[in-house]
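Enquirer: I have a structure here, written as structure tokens, and I will follow up with some questions on it.
The values are calculated or read from the model by the stated rules, or taken from the named source; none is laboratory data. Just so you know, these numbers come straight off a predicted model, no measurement behind them. In this analysis, Cβ positions are derived from the backbone assuming ideal geometry, glycine residues included, and neighbour counts consider all displayed protein chains.
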């Protein structure tokens, strides 16, 4: 009976102690466990473009155990906690072994801490050399195992393991010492990442490479002894050098990253559409370009997909950290004069409205427009020239004459339709807007050229995701194709490749901005060169400094530019002599017979509201049947009625014309809102 009594008493004592222990663990005050991790900006494939330190200045990148090299995890458990998946936070066998070795040797030979206990120490940053500290770690480790899975605890270790200096966590250590993600590591690299947290200051590779190697090799030996790696892999790993310098964290697309972070500071991960390889290539190109520029000049570049609007690369300056060049200013966003790169828009609108054709003759002659007397760049005049030639050699007088006919407000409305923000001094646009007399950003110009490249239809550029917004038609598809065809055949300096690339250069007044915009069948590219403070750079021209960089960018997009699209079916491909008389000479008055058609409604210059039933139009005189055109596109063919309901339901400017049975025409301009 006494034995039973002692057994019952012993069991009761054990149960009581277990209850006390359970209550003691359950009442543990858990510290904040969700680690603050660095804000990250990622490329389209998930690659890290840029990261930011956490609040205390440490690098701590988010890491998922499922995206860590399996060999590293196996080596970590073999070295630190081989019974990690069996114990409940404390490994009694390991503690007894460590205590026994310490008694026999008179010093600490091996630790008895589990990974969970190490996590407890790291998240509290508590002491390790005192019994009180060790007891606290045991209590916290037992508490952690009550509320977290093993995978969660492993993730906490991977986030908090010290890697030297202000580096915390496996991913931060892997980037700083190895220059790579921890998804694929060599055996030697994995061993170094395991050895560092044991004594991060004493084993920091850039300061103590010999100690780092000894510690790494010790981890490798354990991995080989436990069968985690083969003898051959062990031998090979021993010969791999230890990194002797800390690498910088990725800092690509810094201006764009700063904008994304400032716009949504609460967001942890910013996913972009940027192509990492292209971004790095253009940043390298921009840095090289600085060598040939004056000391305070810089360069900006942007590449976009005109079909989706995705920004594929964005370089805000040649050197983000160069204070002398004000590299911190994002010149893809700064409002600057576009010089001549808006001229294609003027011609495109004139083609779209049926006012001109590439073979229409324009007069390049001295002229005054209400006191405004523009000059050509070379101060020469060529007389009658085709619209094609006038655009290719960037004459000023013809484009101003077209702008007067269109109206400066028409240009500003077209920019708005393209989604381009533009600022005009005094808020009143004049004829000078066609020559660069307004402020537009490089991104805005890329967006405009993207609309031309995709057949005249606007597309919103975005670095993060395609924008699901209503797309406006800036000009007809035929007009956009004509622009690409003209610009692809424009004369260029002899040193540039003879690629069929549609591009236009521009130089702002006073040589403050040099630009080149261009597109092929797949990409649109913008390049700006100048000083961020707006000061002049004497002798700088877009064709000399920006155009070569534009071609360099396309060279990095592929061996040759993608082929431009074919002409739309309705494109008018005629020589000058074959054009209708009103299109042969811009501004020429063509005598009409007294019974020629005349548009009675709507009035010329009218602004009408968009109606679901379309637009009511009426023609007087002329001989039926009548064919109606909107921006050069037939909308009603062979109608015998003088009143017609034209299905025009998209807002924008419209050149409305009607042609009678004898080929005589009448036209007017209107706007739908």
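Enquirer: For residue 535, all conditions in the list (1) in contact with a strand residue (DSSP E or B) (Cβ under 8 Å, 6 or more places away or on another chain); (2) within 30 Å of residue 328 (Cβ to Cβ); (3) in contact (Cβ under 8 Å) with a residue 60 or more places away in the chain hold save one; what is the number of the exception?
Expert: Among (1) in contact with a strand residue (DSSP E or B) (Cβ under 8 Å, 6 or more places away or on another chain); (2) within 30 Å of residue 328 (Cβ to Cβ); (3) in contact (Cβ under 8 Å) with a residue 60 or more places away in the chain, the lone unmet condition for residue 535 is (1).
Enquirer: crowded, with 18+ Cβ neighbours inside 10 Å, in contact with a strand residue (DSSP E or B) (Cβ under 8 Å, 6 or more places away or on another chain) and closer than 22 Å to residue 410 by Cα: which single residue out of 459, 474 fits that description? Steps first, please.
Expert: On the way: 459 fails: in contact with a strand residue (DSSP E or B) (Cβ under 8 Å, 6 or more places away or on another chain).
Result of the check over 459, 474: 474.
Enquirer: When residue 665 is evaluated against the numbered criteria (1) buried (at least 16 other Cβ atoms within 10 Å of the Cβ); (2) under 50 Å from the mean Cα position of the chain (by Cα); (3) modelled with pLDDT of 90 or more, which criterion, by number, is the only one it fails?
Expert: Going through (1) buried (at least 16 other Cβ atoms within 10 Å of the Cβ); (2) under 50 Å from the mean Cα position of the chain (by Cα); (3) modelled with pLDDT of 90 or more one by one, residue 665 breaks only (3).
Enquirer: Just one of 208, 255 is farther than 26 Å from residue 70 by Cα, assigned by TED's automatic domain parsing to the domain that holds residue 77 and out of contact with any helix residue (DSSP H, G or I) (no Cβ under 8 Å at 6 or more places or on another chain); which is it? Break it down into steps so the answer makes sense when it comes.
Expert: Details: 255 fails: assigned by TED's automatic domain parsing to the domain that holds residue 77.
208 is the lone residue from the list that is farther than 26 Å from residue 70 by Cα, assigned by TED's automatic domain parsing to the domain that holds residue 77 and out of contact with any helix residue (DSSP H, G or I) (no Cβ under 8 Å at 6 or more places or on another chain).
Enquirer: Further question on the same structure: Answer yes if at least one residue in region 218-227 is farther than 15 Å from residue 71 by Cα and not in a loop (DSSP other than H, G, I, E, B), and no otherwise. Break it down into steps so the answer makes sense when it comes.
Expert: Step one: list which residues in region 218-227 are farther than 15 Å from residue 71 by Cα, which gives 218.
Imposing the further condition that a residue be not in a loop (DSSP other than H, G, I, E, B) reduces the set to 218.
Looking through region 218-227, at least one residue is farther than 15 Å from residue 71 by Cα and not in a loop (DSSP other than H, G, I, E, B).
Enquirer: Do you know which residues across region 569-619 are touching a strand residue (DSSP E or B) at 6+ places or on another chain (Cβ under 8 Å), part of a loop (DSSP other than H, G, I, E, B), modelled with pLDDT of 85 or more and not assigned by TED's automatic domain parsing to the domain that holds residue 659?
Expert: 570, 586
Enquirer: Condition check: crowded, with 20+ Cβ neighbours inside 10 Å, closer than 30 Å to residue 633 by Cα and either touching a helix residue (DSSP H, G or I) at 6+ places or on another chain (Cβ under 8 Å) or at pLDDT below 95 (or both). Does residue 304 satisfy that?
Expert: Working: crowded, with 20+ Cβ neighbours inside 10 Å: yes; closer than 30 Å to residue 633 by Cα: yes; either touching a helix residue (DSSP H, G or I) at 6+ places or on another chain (Cβ under 8 Å) or at pLDDT below 95 (or both): yes.
When the stated conditions are applied, residue 304 passes them.
Enquirer: Name the single residue that is surrounded by the most Cβ atoms within 10 Å (Cβ to Cβ) among those in region 327-345 being in contact with a helix residue (DSSP H, G or I) (Cβ under 7 Å, 6 or more places away or on another chain) and assigned to a loop (DSSP other than H, G, I, E, B).
Expert: Only one residue fits best here, namely 338.
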